[in-house]
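**Q** One structure coming up, written as structure tokens, with questions to follow.
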């Protein structure tokens with residue numbers, strides 16, 4: 001029988017006007033140390049974002065979201081942060097910041113399959 005594994009996750013938020021603190025959820029980052037799993041899944045609803053913030057630079061936001069996924073994947077494509085170990089990358093990605101892309105607080109949980117849990121969280125929190 002497969003054990004439950006401790007995982008941590010954060011919701012990826014798009015905050016087009018930081019001063020207003022209004023946001024829309026655009027993805028989830030999930031980290032499970034025991035399974036050596038760090039991944040982000042992103043679904044940016046461009047139509048909703050345009051209605052939410054007509055002045056938002058959607059192309060730039062998409063590029064930044066892709067960079068976030070590259071950092072999760074690790075390696076040279078993720079730049080200097082991508083070369084760090086998975087735990088350090090997760091901590092860097094979920095650090096508090098006042099930018100157009102932010103994350104929620106980090107939440108813990110237990111799961112059998114981190115990839116499956118990531119998709120469930122994406123469905124619950126973003127779709």
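**Q** Every residue in the range 82-91 that is surrounded by fewer than 16 Cβ atoms within 10 Å (Cβ to Cβ) and more than 15 Å from residue 33 (Cβ to Cβ), please.
**A** Once the filter is applied, which keeps residues that are surrounded by fewer than 16 Cβ atoms within 10 Å (Cβ to Cβ) and more than 15 Å from residue 33 (Cβ to Cβ), the range 82-91 yields only 83.
**Q** Which count do you get for residues in the range 100-113 that are in a loop (DSSP other than H, G, I, E, B) and surrounded by fewer than 17 Cβ atoms within 10 Å (Cβ to Cβ)?
**A** Counting residues in the range 100-113 that are in a loop (DSSP other than H, G, I, E, B) and surrounded by fewer than 17 Cβ atoms within 10 Å (Cβ to Cβ) gives 5.
To keep it simple, each residue is scored yes or no on (1) in contact with a helix residue (DSSP H, G or I) (Cβ under 8 Å, 6 or more places away or on another chain); (2) under 22 Å from residue 125 (Cα atoms); (3) surrounded by fewer than 17 Cβ atoms within 10 Å (Cβ to Cβ); (4) touching a residue at least 40 places away in the same chain (Cβ under 8 Å).
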{"residue": "12", "(1), (2), (3), (4)": "yes, yes, no, yes"}
{"residue": "22", "(1), (2), (3), (4)": "yes, yes, yes, no"}
{"residue": "27", "(1), (2), (3), (4)": "yes, yes, no, yes"}
{"residue": "45", "(1), (2), (3), (4)": "no, yes, yes, no"}
{"residue": "78", "(1), (2), (3), (4)": "yes, no, no, no"}
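One line per residue, one yes/no per condition, for (1) more than 17 Å from the chain's Cα centre (by Cα); (2) part of a helix (DSSP H, G or I); (3) touching a residue at least 60 places away in the same chain (Cβ under 8 Å):
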| position | (1), (2), (3) |
| --- | --- |
| 51 | yes, yes, no |
| 59 | yes, yes, no |
| 66 | no, yes, no |
| 89 | no, yes, no |
| 95 | no, no, no |
| 98 | no, no, yes |
| 115 | no, yes, yes |
| 122 | no, yes, yes |
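**Q** Another question, then. Could you go through the range 28-44 and let me know if any residue there is assigned to a helix (DSSP H, G or I) and farther than 22 Å from residue 109 by Cα. Please lay out each step first, then the result.
**A** Initially, the range 28-44 is screened for residues assigned to a helix (DSSP H, G or I), giving none.
No: zero hits.
Bear in mind that the values in this text are calculations on the coordinates, not laboratory data. Here the structure is a predicted model, which is why all the values come from computation and not from measurement. With ideal geometry, Cβ positions are generated from the backbone for all residues, glycine too; neighbour counts draw on all protein chains shown.
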